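K.L.:
My structure is below; once you've seen it, I'll send some questions.
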Amino acid sequence: MIFNKGELFSGPGGLSLGAQSAEVISPTGELFRVQHRWANDYDPAACETFRHNICPDNPESVIEGDVRALDIESLPPIDAFSFGFPCNDYSNVGEKKGFNGDFGPLYTYGVKVLNIHRPLWFIAENVGGLESANEGEAFIKILSDLEQAGYNITPHLYKFHEYGVPQARQRIIIVGIRKDLGLQFRVPKPTHGPGNYRTSKHALEDPPIPANATNQEYTNHQSKVIEMLTHIPPGENAWYDGLPEHLRLNVKKTKISQIYKRLHPDKPAYTVTGSGGGGTHMYHYAVPRALTNRERARLQTFPDKYEFLGGKEAVRKQIGMAVPPMGAKVIVEAILKTFARVPYNSIEAKWTFDNTKEEITLVKNRVREESIGYVVK
């Protein structure tokens, strides 16, 4: 079975790349996979990157523009849908305006797609801060709207480093399967843990980045920044106690931990971000410099052949805002197994949602070693 997928807030295509990489063979020999049908994003450079890598033979399928002006009813029919609705107003970094911000209500356009096009399944993605936005009311409202659109929903906080991504990145992923299908998605069991996490050194050096790789521009640093970085050990930041006095930053307010923080070669990287001024560009563990965009893309599990289009800062933004393709592949593969009736190990989702009471119940994570990845009513 081939699922034709539409996507809102598609960014540079990380989720779509992961989805297209997932394939499952059913017990009867049928191939289950996903293919691109259409996508929308307001960022011109991200749209160009998506077209260039995901659908070079069908560039008109990527619709550039504000989702609020999109004619959703006229979009081609789809079997699957994904939307990483903007996280600006839910992030733990910033003012956390939730529904009161400019971006908070944009998830409703994803709900509109579900109500109009009725795809068989969907994936919704956002930052972990969504759970606490508007004192938790935003999360409940979003889950309620998705469930009322006619879907069995499974919300979970995915820690991507537990699935082979060389980066400590946590995101809330909500998977929904249409209720009339009689299927229930289960969270795939993590594949990595202490002792076998993929490290930043593994990501950047195994194999080495080719000399002709794209998006490999280096940052021109001031001599003082280079000197400071030489005194900061791997895993430490600008607030390291051993930093000479003349290199210390004069900051009186909150000291953000990622300022001039160097990667640790033996640990997953800290979270790749798409914005921020000096000191927030991520810094190499062995060389006193900021990472290149290609190195950031490696930490996000994009292959070297995936070329990002646009200026240097536009590319940085695209990479930081993207869903790691490897993480997306794990989730989509579990969805395909659910439809193909292929068993897989799973764990309890972090949350269960009872829409009759409009409340979220926290569930302790525990591995279900013998579970099968679907439930037929």
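K.L.:
What is the helix-to-structure angle for 107-117, meaning the angle in degrees between its Cα long axis and the longest Cα principal axis of the chain, kept from 0 to 90 and rounded to the nearest 10?
P.N.:
30
K.L.:
For the chain, take the longest principal axis of its alpha carbons; what is the angle in degrees between that and the long axis of helix 44-53, to the nearest 10 within 0 to 90?
P.N.:
Approximately 70 degrees, to the nearest ten.
K.L.:
What FRET efficiency comes out for the pair LYS224/HIS202, r = Cβ-Cβ distance, R0 = 25 Å, nearest 0.05?
P.N.:
0.20
K.L.:
Restricting to the chain, what percent of DSSP beta bridges are antiparallel, rounded to 5?
P.N.:
Counting DSSP beta bridges with both partners in the chain, the antiparallel share is about 60 percent.
K.L.:
Tell me what the chain gives for mean residue ellipticity at 222 nm when only DSSP H runs of n ≥ 4 count, each as -39,500 (n - 2.57), the sum divided by the residue total, rounded to 500 deg cm²/dmol.
P.N.:
Counting only the DSSP helices, I get -7000 deg cm²/dmol.
K.L.:
Using alpha carbons only, how many degrees (0 to 90, rounded to 10) separate the axis of helix 312-321 from the longest principal axis of the chain?
P.N.:
Computed tilt is about 50 degrees.
K.L.:
Looking only at Cα atoms, what is the convex hull volume of the chain per residue, in Å³?
P.N.:
It comes to 153 Å³ per residue, whole-number rounded.
K.L.:
Enumerate the residues in the stretch 221-238 having an amide nitrogen under 20 Å from the point lying 7 Å beyond the Cα of ASN250 toward its Cβ.
P.N.:
Hits in the stretch 221-238 for ASN250 at 20 Å: 222-229, 238.
K.L.:
State the Cα centre-to-centre distance between the stretch 6-39 and the stretch 268-298 in whole Å.
P.N.:
Centre-to-centre distance over Cα atoms comes out at 29 Å.
Taken together, the values in this text are just the output of simple stated rules run on the coordinates, not laboratory data. Keep in mind that this is a model prediction, so the values were computed, not measured. With ideal geometry, Cβ positions are generated from the backbone for all residues, glycine too; neighbour counts draw on all protein chains shown.
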